[in-house]
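Written below as structure tokens is the structure these notes are about.
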2 protein chains.
Amino acid sequence: MARGRPREFDAELALERAMELFWRQGYEGTSLADLTDALGITRPSLYAAFGNKEALFRRVLERYEARAGAYRPRALSALTAYEVARRLLEGAAALHGDKSNPAGCLGVHGALACGPESGRIREEMISHRSAGEQAIRKRLRRAKQEGDLPPDADPAALARYLSAVLYGMAVLAAGGASLRDLREVAHTALQGWPSSPRN
Amino acid sequence: MARGRPREFDAELALERAMELFWRQGYEGTSLADLTDALGITRPSLYAAFGNKEALFRRVLERYEARAGAYRPRALSALTAYEVARRLLEGAAALHGDKSNPAGCLGVHGALACGPESGRIREEMISHRSAGEQAIRKRLRRAKQEGDLPPDADPAALARYLSAVLYGMAVLAAGGASLRDLREVAHTALQGWPSSPRN
DNA sequence: CGAAATACATACCGCTCGGTATATATTTTA
DNA sequence: TAAAATATATACCGAGCGGTATGTATTTCG
């Protein structure tokens, strides 16, 4: 049993609300006052539970990847390269086209450009994106080995290209693009994909 | 002749330096102290010359579009839809791959996500991006009329897709992507373009 | 029952934010 | 040469920033 006075708020619920805030306003754009207001807790409680703003953001990013970003590992487990690409693109469209979510992608606009004091978070986001791209690259390398992509295909270039389209969809979504808009982008990108749907 | 004491700094040079700052750190991430330091002028001088931070940012955005974004109208004046797409993609790669520029695109990350106090700027950036997409759409509509795109091509979808790839390249660049990386993305996107290079 | 441990509430810290009031310096016009 | 106009320099404004010290309430352990 946990000793001492038990906390009076639900940490999971608090994280959920913090995620929503950071998702909507980014790291720099979200203040501690915003957070304590939305979470309904006081500042010392927040610090006791989560450390500080940076640490809270990291927890939130973790949660974001596990929930909103769950379509990514699922997409990578598809059987063909085309299906991987399709699920990634359609998954991003579904996520960012869902208006019950904040507009855009936390991983993209969470700390894309910011002042020097947020530089650490910015760099962490960069390496998160890089890791995502690398996972796609790895999957497409395997696809090429399996003959699932043409011999002249470049898995690294395709992975980077796919990542770019996903990021672009996030920017479009931040600008208010609809689910239909985003699915059109996904569809258009798939039209040019180098392997056929059936292979 | 201008009456009164003449200003002691070069407004064009000041704008250039302000652009560099906003380009690197975004709107919210750039403080007045950053600006006055970099511009070498005092706060009242900045306000007398440019109004306030928002107005200065608008001037900077104007300058950005006229210089860094000059490749866009040039690309739209190309003779074929394929050439339009190629010049847009290669132009973005050249711009964001040039390491003498700040990483990323001011129009994308200048105010992608921010607190409520920067909401106006954020919305203006959204409509700027939307205007850019619309210009591409208009050009591709013409291309279709001219038989320069297949009959089943969707100019609106293609324009949105192209915009997404351009935004995605900006995000990649903000993460440190090289000119080579970005040109690979451009090349990959062109591989799937629905009209041939020669038509 | 203490005593230790934890959480809550209030009030505060130094610092930075965007923006400005006031006074002085430098120019042109009359 | 005086007045009007503009620019500069200094010092300051209230507000918000992330973060914390202090005191009190509530729990478990001995």
(Q) Against the conditions (1) within 10 Å of chain A (Cβ to nearest Cβ); (2) in contact with a helix residue (DSSP H, G or I) (Cβ under 6 Å, 6 or more places away or on another chain), where does B:Glu123 fall short? Just the number, please. (A) (2)
Q | Matching residues, the stretch A:169-186, being closer than 26 Å to A:Arg141 by Cα and facing another protein chain (nearest Cβ under 7 Å) | A | A:Met169, A:Val185
**Q.** From the options A:Arg59, A:Arg74, residue that is outside any loop (DSSP other than H, G, I, E, B), assigned by TED's automatic domain parsing to the domain that holds A:Leu112 and charged (D, E, K, R)
**A.** A:Arg74
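What number of residues within the stretch B:41-60 satisfy the criterion of being within 14 Å of chain A (Cβ to nearest Cβ) and within 8 Å of DNA strand C (Cβ to nearest atom)?
1
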Q.
Which count do you get for residues in the stretch A:1-36 that are among the basic types (Lys, Arg) and touching a residue at least 60 places away in the same chain (Cβ under 8 Å)?
A. 1
(Q) Tally up the residues in the stretch A:104-125 that are surrounded by fewer than 20 Cβ atoms within 10 Å (Cβ to Cβ) and either closer than 20 Å to A:Ser163 by Cα or without any contact (Cβ under 8 Å) to a residue 40 or more places away in the chain (or both), please. (A) 5
Q) How many residues are within 11 Å of DNA strand C (Cβ to nearest atom), surrounded by 14 or more Cβ atoms within 10 Å (Cβ to Cβ) and more than 14 Å from every other protein chain (Cβ to nearest Cβ) if we restrict to the stretch B:1-40? A) 1
Q. Would a scan of the stretch B:148-168 turn up a residue that is touching a residue at least 60 places away in the same chain (Cβ under 8 Å), touching a Cys at 6+ places or on another chain (Cβ under 9 Å) and more than 11 Å from chain A (Cβ to nearest Cβ)?
A. no
(Q) Let me spell it out: the conditions are (1) within 9 Å of DNA strand D (Cβ to nearest atom); (2) in a helix (DSSP H, G or I), and B:Ala14 meets all of them except one. Which number is the exception? (A) (1)
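Every residue, every condition in (1) within 12 Å of DNA strand D (Cβ to nearest atom); (2) modelled with pLDDT under 95; (3) at positive phi; (4) of a type in the set (Asp, Glu), yes or no:
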| residue | (1), (2), (3), (4) |
| --- | --- |
| A:Asp34 | yes, no, no, yes |
| A:Ile41 | yes, no, no, no |
| A:Ser45 | yes, no, no, no |
| A:Gly69 | no, no, no, no |
| A:Pro73 | no, no, no, no |
| A:Leu76 | no, no, no, no |
| A:Tyr82 | no, no, no, no |
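How about the stretch A:37-56: which of its residues are assigned to a loop (DSSP other than H, G, I, E, B) and without any contact (Cβ under 8 Å) to a residue 24 or more places away in the chain?
A:Thr42, A:Gly51, A:Asn52
Matching residues to (1) modelled with pLDDT of 95 or more; (2) over 13 Å from the mean Cα position of the chain (by Cα); (3) of a type outside the set (Gly, Ala, Ser):
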| residue | (1), (2), (3) |
| --- | --- |
| B:Leu13 | yes, yes, yes |
| B:Ala38 | yes, yes, no |
| B:Glu65 | yes, no, yes |
| B:Ala85 | yes, yes, no |
| B:Gly97 | yes, yes, no |
Q. Which residue, of A:Tyr82, A:Tyr27, is of a type in the set (Ser, Thr, Tyr), in a loop (DSSP other than H, G, I, E, B) and closer than 30 Å to A:Leu166 by Cα?
A. A:Tyr27
Q) Right, A:Glu65: in contact (Cβ under 8 Å) with a residue 40 or more places away in the chain and either on the phi < 0 side of the Ramachandran plot or of a type in the set (A, V, I, L, M, F, W, C) (or both) or not? A) yes
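The values are calculated or read from the model by the stated rules, or taken from the named source; none is laboratory data. Owing to the predicted nature of the structure, the values given are computational and were not obtained by experimental measurement. FYI the Cβ positions are ideal-geometry reconstructions off the backbone, even for glycines, and counts take in every protein chain you see.
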